[in-house]
1. In contact with a strand residue (DSSP E or B) (Cβ under 9 Å, 6 or more places away or on another chain), away from the ligand (no atom under 16 Å from the Cβ) and not assigned by TED's automatic domain parsing to the domain that holds residue 380: which single residue out of 100, 70 fits that description?
2. Of the residues that make up the range 152-160, is at least one within 20 Å of residue 14 (Cα to Cα) and either more than 16 Å from the ligand (Cβ to nearest atom) or part of a helix (DSSP H, G or I) (or both)?
3. Evaluate the range 337-346: report whether one residue or more is within 30 Å of residue 236 (Cα to Cα) and modelled with pLDDT of 95 or more.
4. For the range 3-13, does any single residue satisfy the condition of being over 26 Å from residue 128 (Cα atoms) and in contact with a helix residue (DSSP H, G or I) (Cβ under 7 Å, 6 or more places away or on another chain)?
5. Which residues, taken from the range 236-253, are more than 9 Å from the ligand (Cβ to nearest atom) and either touching a strand residue (DSSP E or B) at 6+ places or on another chain (Cβ under 6 Å) or not assigned by TED's automatic domain parsing to the domain that holds residue 68 (or both)?
6. Take residue 229 and decide whether it is under 30 Å from residue 293 (Cα atoms), assigned by TED's automatic domain parsing to the domain that holds residue 167 and more than 15 Å from the ligand (Cβ to nearest atom).
7. Name the residue that is nearest to the ligand (Cβ to nearest atom), counting only residues in the range 117-126 that are out of contact with any strand residue (DSSP E or B) (no Cβ under 6 Å at 6 or more places or on another chain) and either without any contact (Cβ under 8 Å) to a residue 60 or more places away in the chain or closer than 13 Å to residue 167 by Cα (or both).
8. For the range 15-41, how many residues meet the condition of being in a helix (DSSP H, G or I), surrounded by 14 or more Cβ atoms within 10 Å (Cβ to Cβ) and within 16 Å of the ligand (Cβ to nearest atom)?
Ligand SMILES: Cc1ncc(COP(=O)(O)O)c(C=O)c1O
């Protein structure tokens, strides 16, 4: 059978990433990999999740193994609504849909918004998982450049002279750069969104993982303020997840948005997977409803990840050559390194792998032909001694490359 001739047009854009193929080599235990985007598995609350699973199976086994509603478990939606509330800003549980990770929310949002050729605004660089999903719908990406304070919001009004369907960004501890959109730019962004009636997808998997600096309000909240409202019925579609604060394996994420958006997403969800795993929602609720436990767990994650970030930055300061620069994130899981313009990070990865150390070249995160001289480092998923050893090795590779 010639399968290739049978696959739909939209699959032509899909390919396995060459970098992912290279990174398969990092599975060897001797390789120190800063490549993945993984949380630290040694910090997963395994015992608490096992207890919760035992309780729900013992007490409500038949119910939690049954099909359930597409919107998601009401108690879990209520808990998420409560955690997103801030002062007067309140979210009704009807404005929340539970999804199979926030990745599914991103994918379903493309399905409900994008026609072929629609223009969408994104940051440059941006989340590769969004691009893999959205490319199948053939949108035209308008890329907003970024600096250490997040996207250059000043550039938006000129871009928006052309009609755009939707905007997607990760304003807090961005993947891949780790940078955060500062409050003044958030305020400006919120005003622009309201002025232009532009839907904004705020992807926020890392917001709770802050290690330093002052907390900034979500764009969801700031947009409500601009509207003079205290609800989530405006332009912002907020995607959240338990992946980075509990465990990604349960695949529990959510969308908070105006009801017509939730209603349309529910229709898509019914066709996609009927509903998010009942058992996993109930386990997540059973663990998260003990908010004192959840908050203490998140505080512990922050403490460990802060130490790992600090150690990585300190070691980079010591061992990386002066010609190389990098971001200094206040939270999240990543930082981004920029090499002198003539160096190619994919070539450098091949060198690095001969020294058993790995990272992700930045090129794949960029719209257009940029970012070849950048790479992303993850600091959450390596223990302290491996961070120091890996960064030392990488420093050696970088020095050799810079000196040509
Ligand atoms: C920016 C961003 N959005 C969404 C996701 C998807 O997360 P999940 O589907 O596990 O909630 C990730 C995962 O790394 C991410 O980095």
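The values are calculated or read from the model by the stated rules, or taken from the named source; none is laboratory data. Just so we're clear, the structure is a prediction, and the values are computed from it rather than from any experiment. Every residue, glycine as well, gets a Cβ built from its backbone with ideal geometry; the counts of neighbours run over all protein chains shown.
1. Numbers: 100 fails: away from the ligand (no atom under 16 Å from the Cβ).
Matching residue, one of 100, 70: 70.
2. no
3. no
4. Looking through the range 3-13, none of the residues is over 26 Å from residue 128 (Cα atoms) and in contact with a helix residue (DSSP H, G or I) (Cβ under 7 Å, 6 or more places away or on another chain).
5. Within the range 236-253, 236, 237, 238 qualify.
6. For residue 229, the condition - under 30 Å from residue 293 (Cα atoms), assigned by TED's automatic domain parsing to the domain that holds residue 167 and more than 15 Å from the ligand (Cβ to nearest atom) - is not met.
7. For the range 117-126, the residue satisfying everything is 126.
8. 2
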